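The values are calculated or read from the model by the stated rules, or taken from the named source; none is laboratory data. Every value quoted in this text rests on a predicted model; they were computed, and no experiment measured them. Every residue, glycine as well, gets a Cβ built from its backbone with ideal geometry; the counts of neighbours run over all protein chains shown. We work out accessible area using only protein heavy atoms, side chains counted, and drop any ligands, DNA or RNA first. Shrake-Rupley method; radii C 1.70, N 1.55, O 1.52, S 1.80 Å.
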Amino acid sequence: VSHPVASPARTIDALVRIYEASRDELNGRLALNLPALNVTVQQMLDALEAVAGPKVRALVKFQRDERIAGIVANWPKGASSARANALGLKGDASFEDIIRQYIEEMRA
């Protein structure tokens, strides 16, 4: 199952742009999906290992919870953001970029 994710920085940029957009730019509709990456947990973990190394990746442990698994199974399997893209909103290039951004922000 993949899920749409976006970095805080891209989300903030998108919210500001939407706030500044005219009703005409939004085609009279205010609701839209923000640009996001559709990634699986495995892809997130692979990105974590690529950026931070296998020791950091090894810190993540799995303990299946059937109640949570049932909730997640009913989530959307991804999202598209054609209307947001038409406004010039940009998504993150990769989940690795989201991890790098997080690391940089935590160091600051």
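Residues with beta-carbon under 15 Å from that of residue 51, excluding residue 51: net charge, scoring Lys, Arg +1 and Asp, Glu -1?
On the way: positive: 55, 57, 100, 107; negative: 46, 49, 92, 96, 97, 104, 105.
Once all neighbours under 15 Å are counted, the net charge is -3.
Hey, got a sec? Which GluC sites (Glu not before Pro) in segment 1-94 land in a DSSP loop and have at most 16 other Cβ atoms within 10 Å? Present the calculation step by step, with values, prior to reporting the outcome.
Working: sites: 20, 25, 49, 66; in loops: 25.
Listed in order of number, the matching sites are 25.
Are there trypsin sites (Lys or Arg not before Pro) in segment 15-82 that DSSP puts in a loop and that have at most 11 other Cβ atoms within 10 Å, and which ones? Spell out each step's value before the answer.
Details: sites: 17, 23, 29, 55, 57, 61, 64, 67, 77; in loops: 23, 29, 61, 64, 77.
Passing both the DSSP loop test and the Cβ count: 23, 29, 61, 64, 77.
Only Cα pairs under 8 Å and at least 6 apart count here; give the relative contact order of the chain as a rounded whole percent. Walk me through the numbers on the way to the answer.
Numbers: 101 pairs, mean separation 49.5, N = 108.
It comes to 46 percent, rounded to a whole number.
Just to confirm the number: angle between the C-alpha axis of helix 41-52 and the first principal axis of the chain, 0 to 90 degrees, nearest 10?
It is inclined by approximately 80 degrees.
Between 36, 21, 69, where does the largest GNM mean-square fluctuation fall for the chain, given springs only between Cα atoms within less than 10 Å?
69
Run the accessible area of the chain with a 1.4 Å probe and give the carbon-and-sulfur part as a rounded percent.
On the way: 4350 of 7730 Å².
Summing carbon and sulfur atoms, their accessible area is 56 percent of the total for the chain.
Report, in degrees rounded to the nearest 10, the 0 to 90 angle that the Cα long axis of helix 8-20 makes with the longest principal axis of the chain.
10 degrees
Over segment 56-108, what portion of Cα pair distances is larger than 16 Å, expressed as a whole percent?
Details: 965 of 1378 pairs.
That tail contains 70 percent of the Cα-Cα pairs.
As I understand it, the dipole of segment 29-108 uses +1 on the Cβ of Lys and Arg and -1 on the Cβ of Asp and Glu, about the Cα centre. Which of 68, 41, 102 lies farthest toward its positive end?
Positive-most Cα among the choices belongs to 68.
Once the Cα gyration tensor of the chain is diagonalised, what are the square roots of 5 times its eigenvalues, in whole Å and ordered largest first, as equivalent ellipsoid semi-axes? Let's see the in-between values first.
Working: eigenvalues 174, 74, 21 Å².
Output for the chain: semi-axes of 30, 19, 10 Å.
Given a Förster distance of 30 angstrom, what is the FRET efficiency for residue 67 paired with residue 102, based on the Cβ-Cβ distance and rounded to 0.05? Spell out each step's value before the answer.
Working: r = 28 Å, r/R0 = 0.94.
About 0.60, to the nearest 0.05.
Just how far, in whole angstrom, is segment 60-103 from segment 1-29 if you go by their alpha carbon centroids?
Each part reduced to its Cα centre gives a spacing of 15 Å.
So what J values fall out for segment 94-108 if you push phi through Karplus, 6.51 cos²θ - 1.76 cosθ + 1.60 with θ = phi - 60°, rounded to Hz, Gly and Pro as x?
7, 5, 4, 4, 5, 5, 4, 4, 4, 4, 4, 5, 6, 6, 6
Taking the solvent-accessible surface of protein heavy atoms with a 1.4 Å probe, what is the per residue accessible area of the chain in Å²?
Details: 7730 Å² over 108 residues.
Value returned for the chain: 72 Å² of accessible area per residue.
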